[in-house]
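I have placed the structure first, in the form of structure tokens, so that the comments after it can refer back to it.
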Amino acid sequence: MTEVKLVIQRFNPMVDIEPRLVQYIVPKREGMTVLDALLYARDYVDHSIALRFSCRQASCGSCGMKINGRPRLACYTQVDELAGGEVVAQPMDNFAIVKDLVVDLESFFTKHRELMPFIVRSDPGELEQPAAEFLTTPKELERFLQYTYCIKCGLCTSSCPTVATDSKFPGPQALAQAYRYTVDERDEGGERRLAALDTTHGIWRCHFAGSCSFVCPKGVDPALGIQLLRRHVLTGKPPRGKGEGAQVWKPAGRPGAQAD
Amino acid sequence: MKESRLMLVQYATAVLAVALVSVHLLMQGVVTPYATAILFGNILSIYRSGLYAVFLESLLVVVLVHGFNGVRIILHEWNQSTSWSNWVDIVTVVAIVASVGYGTRTVILAIFGGGA
């Protein structure tokens, strides 16, 4: 039986002074993912290994970590695709370590919330007593569809060089989501959202390294979203095409019906 | 001022600086040979031709604003405390005003004095 040499960075901030790398040997099987190897090590070799996971199918974004030096999802990375025959699992950079491979995502989600990642309507009554659906068109959807695929795994943020040096920078995930909602035809909160990100440590601190787009496991391009959002902030005009075809707030939610 | 406005200034001064420095190098190295261009009397005559004096003053302002604003951005990324940010902004404005003032003084002295 072939084996996998699994090296895990172990660190308990309550006990340890500094992280250390510990090697585990686990049996290899066909189609084995890094998460499979980690779970084997935890279940059969060392129960104290801490890691976060859930869906095992790249949907929940829980198992983000640095694998062989690159931020990846453990469940979405096959052991066979890693060169060298050794798997080195470390916690994501740019986050405080809770224990071993588990990091503290509190600041990540706080920044995400600060940029209002939801549809904002000027009339709150619409939301409390909806009389129709908020519709959009396929053409409108195309503009932000890729950004809806974000699973908030934090890999983009862990790879961002600006996040590493500027603790107040919102990060690529939050900014890409700000773009996603700002260009949505149904949203009316663009002004408030842009005011929140047009600050000293806001969207302008992106250096366009592009590492966020490089590591995204869902094919999202946050770097592009940030640049498009910058253009929007600078010109003060809505993104190209916004309002050129969307049919919003249709009575009874029927496509093609007359708008109010 | 909003950060977007400051960045707009940064981008505009970058483009202007490239254009103005190009013209400056063209005038001082190609149109007028470099050895002649740096002669004291020649420099004074350049300052005293109104159009070129305005050109040099523009170059001074554009390059200083771009440079100091760039340093401001680097310093903001270096430390994120509010007090630091406030000081950086104040010092940047003072540095720009002082540098432009000193450079302008040189231009004015060359125009009205200079000993030639």
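Computed from the coordinates by the stated procedures, all read-outs in this text should not be read as laboratory data. What you are looking at is a predicted structure, and each value in this text was computed from that prediction instead of being measured. When we count neighbours, we look across all protein chains shown, and the Cβ atoms used for this are built from the backbone with ideal geometry, even at glycine.
What to note about this one:
- Estimated FRET transfer efficiency (residue B:43, residue B:11; beta-carbon r; R0 35 Å; 0.05): 0.65
- For region A:71-176, the set of chymotrypsin sites (Phe, Trp or Tyr not before Pro) satisfying both a DSSP loop assignment and a count of at most 15 other C-beta atoms within 10 Å is given as A:118.
- Calculated FRET efficiency for the pair residue B:74/residue A:18, C-beta based, R₀ 35 Å, to 0.05: 0.70
- Neighbours of residue A:202, meaning other residues whose beta-carbon lies under 14 angstrom from its beta-carbon, give a summed charge of +3 when Lys and Arg score +1 and Asp and Glu score -1.
- Pairwise Cα separations in region A:3-103 fall into 5 Å bins from 0 onward with the following percentages, short to long: 3, 14, 26, 27, 20, 8, 2, 0.
- Modelled this way, with points 7 Å down the Cα-to-C-beta line, the labels at residue A:80 and residue A:165 are 4.2 nm from one another.
- Around the Cα centre of region A:106-235, unit charges on the Cβ atoms of Lys, Arg, Asp and Glu (plus for the first two, minus for the last two) sum to a dipole of about 520 debye.
- What the Cα atoms of chain B give is an Rg and a Dmax of 17.1, 52 Å.
- Neighbouring partner chain Cβ atoms per residue of B:1-10, average, 10 Å criterion: 4
- Approximating the spin labels as points 7 Å out from Cα along Cα→Cβ, the residue B:52-to-residue A:132 distance works out to 6.9 nm.
- Placing dummy labels 7 Å off each Cα toward the beta-carbon, the span from residue A:119 to residue B:35 is 7.6 nm.
- Positive-end residue, the protein assembly as shown charge dipole about Cα centroid, Cβ charges, pick of B:10, A:163, B:24: B:24
- Shape class for region A:106-235, computed from the alpha carbon gyration tensor (a ≥ b ≥ c): prolate, with a/c not under 1.5 and a/b above b/c.
- Taking A:49, B:108 and counting other C-beta atoms within 10 Å, the order from fewest to most: B:108, A:49
- Global geometry of the protein assembly as shown, whether rounded, prolate or oblate, following the gyration tensor of its Cα atoms and the 1.5 cut on a/c: oblate
- Each Lys and Arg contributes +1 and each Asp and Glu -1, all at the Cβ; summed about the Cα centre of the protein assembly as shown, the dipole is approximately 560 debye.
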